[in-house]
Amino acid sequence: MAQKRMKKILVTGAVGQIGSELTMELRKRYGNDNVLATGRKTKPSKMLLNSGPFEFIDIIIKETVEKVVDEYDIDTIYNMAAILSAVGEEKPLLCWNVNINGMYNILEIAHEREMTRVFVPSSIAVFGPETPQDNTPQETVLKPKTMYGVTKVCGELLGDYYFKRFNLDIRGVRYPGIISSETLPGGGTTDYAVEIFYEAIKNKKYTCFVKEDTVLPMMYMPDCIKGTIDLMDTDISKLKHHCDFNLTAMSFSVGKLVDEIKKHIPEFTCNYKPDFRQAIADSWPRSIDDSAAREEWGWKPEYNLPTMTKDMLDKLSNKLSLGR
Ligand code: SER
């Protein structure tokens, strides 16, 4: 295992939902100039641009990554670039290319340069209809029915392979749906849990693309960021798992979320018009057993449905009233 001092961090997918907030937190902790934000084509926010370095790269094209890795002397990578479940069904080849070939490039580059550490996110999408849907165990059936899920199972296996075969220190979690107020999610099945807040504030009504009784595991962004960095900071001797930690904070149906929002916006109404994403949601767990993460690296979320809802509404109302 390479034992180098942490020097410089690369975040891929830094313009995305998780990457944008992760970059800002990493910059806060490790210094603005030590965290290179990168994206493929979406214009970065002013916040991202003004707080530290930014470069366009495409993880499918290895040389574009190598160039910035060498230029900025990178030795830690958070590979947040990914095509999510809904877009993955519309563009399966792109999903494969970014999530598998892109990740392969990242692992090769990290291995070739003996980097200190790599983070590769996985997802609840690794599970499928044959998986137990309540309190889904850490070790269980992984037979996803989406291209996104297929790439995430493969990504977990590839990451664990690089750890065992090449001693590359690589870590990852199976994120549940992530709810956040800064950057919109980019084409996943759990996006309704974010859109609903924008519509509740702006229009007092929302048409949801999954049914009222659909229950999925979720997490608020501050917990997501904290969990990600905490796992990366854990001493490797404590870890029995590497790229496949189950992780969750709360589980609720859309109906329960609507009730919670109504406590703050009583006139809010929600209609239901399920589309192809219903089948994806139905194939995923309702709740997750994340005891391995709790035991091995002390995972403990702070936010539940009521505290997340209040914070989301406060932050978004503020942001939307400022016209951001
Ligand atoms: N939020 C993701 C999606 O819905 C799940 O990892 O695709």
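Numbers for the structure displayed
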| item | result |
| --- | --- |
| Every residue from segment 261-292 that is acidic (Asp, Glu) and open to solvent by less than 20 Å² (accessible area, probe 1.4 Å) | ASP290 |
| Odd one out for LYS204, checked against (1) open to solvent by less than 70 Å² (accessible area, probe 1.4 Å); (2) on the phi > 0 side of the Ramachandran plot | (1) |
| Hey, GLY186 small (Gly, Ala, Ser) and open to solvent by less than 20 Å² (accessible area, probe 1.4 Å) or not | no |
| Residue in segment 22-42 that is open to solvent by less than 40 Å² (accessible area, probe 1.4 Å) and within 16 Å of the ligand (Cβ to nearest atom) present | yes |
| Strands (runs of 3 or more DSSP E) wholly inside segment 1-88 containing at least 2 residues that are over 18 Å from ASP169 (Cβ atoms) and in contact with a strand residue (DSSP E or B) (Cβ under 8 Å, 6 or more places away or on another chain) | 35-39, 54-56 |
| Scan of segment 135-149 for residues that are of a type outside the set (Lys, Arg) and in a loop (DSSP other than H, G, I, E, B), ordered by number | ASN135, PRO137, GLN138, GLU139, THR140, VAL141, LEU142, PRO144, THR146 |
| Residue list for segment 194-214, restricted to those being closer than 20 Å to PHE127 by Cα and within 14 Å of the ligand (Cβ to nearest atom) | VAL210, THR214 |
| Subset of segment 162-193 that is more than 16 Å from the ligand (Cβ to nearest atom), of a type outside the set (S, T, N, Q) and part of a loop (DSSP other than H, G, I, E, B) - its residue that is farthest from LYS256 (Cα to Cα) | LEU168 |
| Those helices (runs of 4 or more DSSP H) lying entirely in segment 249-308 with at least 1 residues aromatic (Phe, Trp, Tyr) and at pLDDT 95 or above | 291-297 |
| Options ARG171, ARG165; residue that is open to solvent by 20 Å² or more (accessible area, probe 1.4 Å) and more than 20 Å from SER287 (Cβ to Cβ) | ARG165 |
| Yes/no for GLN138 being more than 26 Å from ILE9 (Cα to Cα), more than 16 Å from the ligand (Cβ to nearest atom) and touching a residue at least 24 places away in the same chain (Cβ under 8 Å) | yes |
| Inter-residue pairs, beta-carbon under 9 Å, first among the β-branched types (Val, Ile, Thr) and in segment 289-302, second exposed (fewer than 15 other Cβ atoms within 10 Å of the Cβ), 6+ apart | none |
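Table: residues versus (1) in a loop (DSSP other than H, G, I, E, B); (2) within 16 Å of the ligand (Cβ to nearest atom); (3) more than 18 Å from ILE236 (Cβ to Cβ).
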{"residue": "MET103", "(1), (2), (3)": "no, yes, yes"}
{"residue": "MET115", "(1), (2), (3)": "yes, no, no"}
{"residue": "GLY128", "(1), (2), (3)": "yes, yes, yes"}
{"residue": "GLN133", "(1), (2), (3)": "yes, yes, yes"}
{"residue": "THR151", "(1), (2), (3)": "no, yes, yes"}
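Yes/no matrix, rows are residues, columns are (1) open to solvent by 20 Å² or more (accessible area, probe 1.4 Å); (2) in contact with a helix residue (DSSP H, G or I) (Cβ under 8 Å, 6 or more places away or on another chain); (3) of a type in the set (A, V, I, L, M); (4) touching a residue at least 12 places away in the same chain (Cβ under 8 Å):
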position	(1), (2), (3), (4)
TYR78	no, yes, no, yes
CYS95	no, yes, no, yes
ASN99	no, yes, no, yes
ARG113	yes, yes, no, yes
VAL120	no, yes, yes, yes
ILE124	no, no, yes, yes
LEU142	yes, yes, yes, yes
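Condition check ((1) of a type outside the set (Lys, Arg); (2) touching a Pro at 6+ places or on another chain (Cβ under 9 Å)) across all residues:
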{"position": "ASP191", "(1), (2)": "yes, yes"}
{"position": "LYS202", "(1), (2)": "no, no"}
{"position": "LYS211", "(1), (2)": "no, yes"}
{"position": "THR228", "(1), (2)": "yes, yes"}
{"position": "THR248", "(1), (2)": "yes, yes"}
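The values are calculated or read from the model by the stated rules, or taken from the named source; none is laboratory data. From a predicted model like this one, the values you see are computed outputs, not experimental measurements. Every residue, glycine as well, gets a Cβ built from its backbone with ideal geometry; the counts of neighbours run over all protein chains shown. The accessibility values were calculated without ligands, DNA or RNA, using every heavy atom of the protein model including side chains. Shrake-Rupley method; radii C 1.70, N 1.55, O 1.52, S 1.80 Å.
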